[in-house]
Amino acid sequence: YLKTFYRFLRDIFKSKRLLIDLAKNDFKSRYLGNYLGILWAFVQPTVMIAIFWFVFQVGFKSMPVDNFPFILWFMAGIVPWFFFAESLQSATNAILQNSFLVKKVVFRISLLPIIQIISAFTIHIFFVLFMIGIFFYYGYSPTIYWLQIPYYMFCTVFLVLGITWMTSSIIVFFRDLGQIIGMIIQFGFWLTPIFW
């Protein structure tokens, strides 16, 4: 297993320029033609967070839990969920969306989901920094537990990568899987303990 993992890391390192360029192109092409362009990647999640904050903290007057306001608990759950859902949905379709590359260029197909994950991870880093800023705003200074953030990011990227290698290869033969993944993500939002 270590040899396979080493080979995989070596392939990523050799293809790093190509992966970064393709991730940039994917990121730009998603929002091409919109007036706000790339800003939509940040506006939609921010508006969703603001709506939930207004409904629960202002409307329902949610009480702090363990001296932490609702918005801090909520953001600690929703920010990872945004990354997981976005990268799972887009990386599942990576081979289908890049079929022109698969047919014309010789490179490892297993690298295609990584492009989508890099694209989603760029947005995720912004929201992690935004969440840290909210913690500072509420007067919470860094603790030793904040060292878990890089570990969480590393583990989440590899979890999503493993899942999307399976789903992106299955969807080539079973196209309905894309719709099924979309439904699972919707159910998952309410079934996972983001709110409770």
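So if I place +1 on the C-beta of Lys and Arg and -1 on the C-beta of Asp and Glu, and nothing else carries charge, what would the dipole magnitude of the chain be about its Cα centre? I want it in debye, nearest 20. Can you show the working numbers first?
On the way: 14 positive and 6 negative charges, 173 e Å.
Using Cβ point charges on Lys, Arg, Asp and Glu, the chain gives about 840 debye.
Taking Cα pairs under 8 Å and at least six residues apart, what relative contact order does the chain come out at, in percent?
It comes to 26 percent, rounded to a whole number.
In the chain, which helices (entire DSSP H runs) extend 15 Å or more along their own long axis, judged by Cα positions, while averaging at least 0.5 on the Kyte-Doolittle scale?
Counting only whole DSSP H runs, the qualifying helices are 40-53, 70-92, 112-137, 148-170, 177-191.
Please provide three numbers in whole Å: the alpha-carbon extents of the range 108-180 along the principal axes, with the largest listed first.
On the principal axes, the range 108-180 reaches 51, 21, 18 Å in Cα extent.
What number do you get for the chain when its Cα radius of gyration is normalised by 2.2 N^0.38 Å, N = residues?
Normalised Cα radius of gyration, the chain: 1.13.
If you take the charge dipole of the chain about its Cα centre, with +1 on Lys and Arg Cβ and -1 on Asp and Glu Cβ, which of Ile134, Ile49, Ala91 is farthest toward its positive end?
Of Ile134, Ile49, Ala91, it is Ala91.
Quickly work out the Phe8-to-Lys61 label distance, labels modelled 7 Å from Cα along the C-beta direction, and quote it in nm with one decimal.
The modelled label-to-label distance comes out at 5.2 nm.
Would you work out what percent of the accessible area of the chain, with all protein chains in place, is carbon or sulfur (probe 1.4 Å)?
That share works out to 72 percent.
How many lysine pairs in the chain, separated by 8 or more positions in sequence or lying on different chains, have Cα atoms less than 23 Å apart?
Lysine pairs satisfying the spacing and distance rule in the chain number 13.
Could you report the chain's accessible area per residue, 1.4 Å probe, as an integer in Å²?
On a per-residue basis, the chain sits at 65 Å².
The values are calculated or read from the model by the stated rules, or taken from the named source; none is laboratory data. Treat the numbers as computed from the prediction; the structure is a model and nothing was measured. All Cβ positions, even for glycine, are placed from backbone atoms using ideal geometry, and neighbour counts span all protein chains on display. Accessible surface is based on the protein model in full, side chains and every heavy atom, while ligands, DNA and RNA are left aside. Shrake-Rupley method; radii C 1.70, N 1.55, O 1.52, S 1.80 Å.
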